[in-house]
Amino acid sequence: MRKCVECGHWEPAGAPGCERCAAIVDELVEEGWRAFVEREFGPAGTPDERLIAEMVIDEPDKHPWRVVDAAYDRLTCEECGNRLSRGPAGCAACDRANGFRYAAIEIDRPGVPPGNEHALRVNVSVVRRPSGISASEVLVRRLSLPILLAGRLPTTAQAQATKAMINEGAGEDRVAAFIYREWGVA
């Protein structure tokens, strides 16, 4: 883990407010897309990514979550004009697409505890579309990203203790100190 030179958080815990951290989160999704396109369509030439994205979202349960999330990024919501699934809460098309993304496949990375990929996926989803999510939930999700990327997963007790701190009104500094101390920093 390393500190972001722009915001000072462990990367990418400054997302979505820090552009550098937000780009790191987006890159997690883009890596999956690039690998998928190369594997399925070959390295030569530029495929029509919009058509591929439409194919992927027609059957999200057949693709890894990073591929599905990246496919939605390549499509525009006809209702709000944002990237499909990333528009404001209340945009029916984006809300629907955001829900469908969870049909995608989750495969834990080698060497991580079972459930790490699910936690990473949920946190990435919240950080990439914080609209309609409470500020305290976004805070915990973004602060957790470095820990999850390092291959750790909080215990149920650690997650509950973190939630209790939030419910008691703990500020960002206290929550961050607890997460990085109790969940573990490399």
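Farthest towards the positive end of the charge dipole of the chain, among the residues A71, A89, G132, is the Cα of G132, using unit charges on the Cβ of Lys, Arg, Asp and Glu. Peptides 107-116, 147-156, 64-73 ranked from most to least packed, by the mean per-residue count of other Cβ atoms within 10 Å: 64-73, 147-156, 107-116.
Counting heavy atoms of the protein chains only and a 1.4 Å probe, report the per residue accessible area for the range 58-109 as a whole number of Å².
Details: 2530 Å² over 52 residues.
Per-residue value: 49 Å².
Taking the charge dipole of the chain about its Cα centre, with +1 at Lys and Arg Cβ atoms and -1 at Asp and Glu Cβ atoms, the residue from L153, H118, I24 reaching farthest to the positive side is L153.
With a 1.4 Å probe and every protein chain kept in, tell me what percent of the accessible surface of the range 35-119 is carbon plus sulfur.
On the way: 2440 of 4610 Å².
Roughly 53 percent, rounded to a whole number.
For the chain, the C-alpha radius of gyration sits at 1.06 times the compact-globule guess of 2.2 N^0.38 Å, with N the residue count.
Taking Cα centre as origin and charging only the Cβ of basic (Lys, Arg, +1) and acidic (Asp, Glu, -1) residues, the dipole magnitude of the range 101-186 rounds to 220 debye.
Would you please name the GluC sites (Glu not before Pro) within the range 90-186 that are DSSP coil residues with at most 11 other C-beta atoms within 10 Å of their C-beta? Present the calculation step by step, with values, prior to reporting the outcome.
Details: sites: E106, E117, E137, E168, E172, E182; in loops: E106, E168.
Answer in residue order: E168.
Using the Kyte-Doolittle scale, find the helices of the chain whose mean hydropathy is at least 1.6 and whose Cα atoms extend 27 Å or more along the helix's long axis, counting only whole DSSP H runs.
Numbers: long enough: 19-41 (31 Å, -0.21).
None clear 27 Å together with a mean of 1.6.
What dipole magnitude, in Debye to the nearest 20, does the range 31-186 give about its Cα centre under +1 on Lys/Arg Cβ and -1 on Asp/Glu Cβ? Display every interim value, and only then the final one.
Numbers: 20 positive and 22 negative charges, 88 e Å.
Using only the charged Cβ atoms, the result is roughly 420 debye.
The values are calculated or read from the model by the stated rules, or taken from the named source; none is laboratory data. The model shown is predicted, which means the values in this text are computed figures rather than measured ones. Virtual Cβ from ideal backbone geometry, glycine too; neighbours counted across all protein chains shown. Please note that ligands, DNA and RNA were not included when accessible areas were found on the heavy atoms of the full protein model with its side chains. Shrake-Rupley method; radii C 1.70, N 1.55, O 1.52, S 1.80 Å.
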